[in-house]
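J.: Following this message is one structure expressed as structure tokens.
The values are calculated or read from the model by the stated rules, or taken from the named source; none is laboratory data. Note that the structure is predicted; figures quoted are calculated from it, not measured. Cβ atoms come from the backbone with ideal geometry, glycine included; neighbour counts cover every protein chain shown.
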Amino acid sequence: MKMVTAVINPYKLDEVRNALNQVDIAGITVTEVKGFGRQKGHTEIYRGAEYQIEFTPKVKLEVVIADEQLDTAVEVLTKAARSGKLGDGKLFVSEIRQAIRIRTGEEGVDAV
Ligand SMILES: Nc1ncnc2c1ncn2[C@@H]1O[C@H](COP(=O)(O)OP(=O)(O)OP(=O)(O)O)[C@@H](O)[C@H]1O
Ligand SMILES: [Mg+2]
């Protein structure tokens, strides 16, 4: 199992959710977050100038999926979240060691 953690622009959330819905994702966790990337929260690149870090509102998505779903999920998510402008966000993939569905006790990929 893998977890895809994506930090995206809030206005892209609906589009991303609809796109993921097409590829049979069983669950998703969404959190409102704030952060900064290479431009330190600004919308332009300032060369050489010192400027303050600003936190920008973003949305964090966490999706746990079977290994076979990874490529599709990453492709769909990236495509839906991209505007081509600075601040489109980032996607991280990590290994999930175990998943348990609390109600039934199912484990591993069956729990997802
Ligand atoms: N290395 C990182 N670790 C954790 N979170 C990050 C990292 N880089 C970016 N983020 C998160 O992603 C959000 C969006 O980052 P952003 O898309 O601006 O990255 P970037 O590297 O500056 O790319 P771009 O040049 O396209 O803007 C940030 O506000 C932050 O929450
Ligand atoms: Mg940036």
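J.: Check L20 against each of (1) modelled with pLDDT of 95 or more; (2) under 30 Å from D110 (Cα atoms) and name the one condition it does not meet.
T.: In the conditions (1) modelled with pLDDT of 95 or more; (2) under 30 Å from D110 (Cα atoms), L20 misses (1) alone.
J.: I need the full set of residues from segment 18-37 which are farther than 26 Å from A99 by Cβ and without any contact (Cβ under 8 Å) to a residue 24 or more places away in the chain, in order please.
T.: F36 - this is the single residue of segment 18-37 that is farther than 26 Å from A99 by Cβ and without any contact (Cβ under 8 Å) to a residue 24 or more places away in the chain.
J.: When segment 75-94 is examined, which residues are found to be in contact with a helix residue (DSSP H, G or I) (Cβ under 9 Å, 6 or more places away or on another chain) and basic (K, R)?
T.: Those that are in contact with a helix residue (DSSP H, G or I) (Cβ under 9 Å, 6 or more places away or on another chain) and basic (K, R): K79, R82.
J.: Looking only at residues that are within 13 Å of ligand 2 (Cβ to nearest atom) and on the phi > 0 side of the Ramachandran plot in segment 81-106, which one is nearest to the chain's Cα centre (by Cα)?
T.: Ranking the candidates gives G89 first.
J.: In this structure, is G84 without any contact (Cβ under 8 Å) to a residue 12 or more places away in the chain and assigned to a loop (DSSP other than H, G, I, E, B)?
T.: The answer is yes for G84.
J.: Give segment 52-100 a look and list any residue that's more than 20 Å from N18 (Cα to Cα), surrounded by 13 or more Cβ atoms within 10 Å (Cβ to Cβ) and not hydrophobic (A, V, I, L, M, F, W, C), or say none.
T.: T56, G87
J.: Would you tally the residues in segment 22-33 being more than 16 Å from T78 (Cβ to Cβ) and not in a strand (DSSP E or B)?
T.: Total satisfying the criteria: 3.
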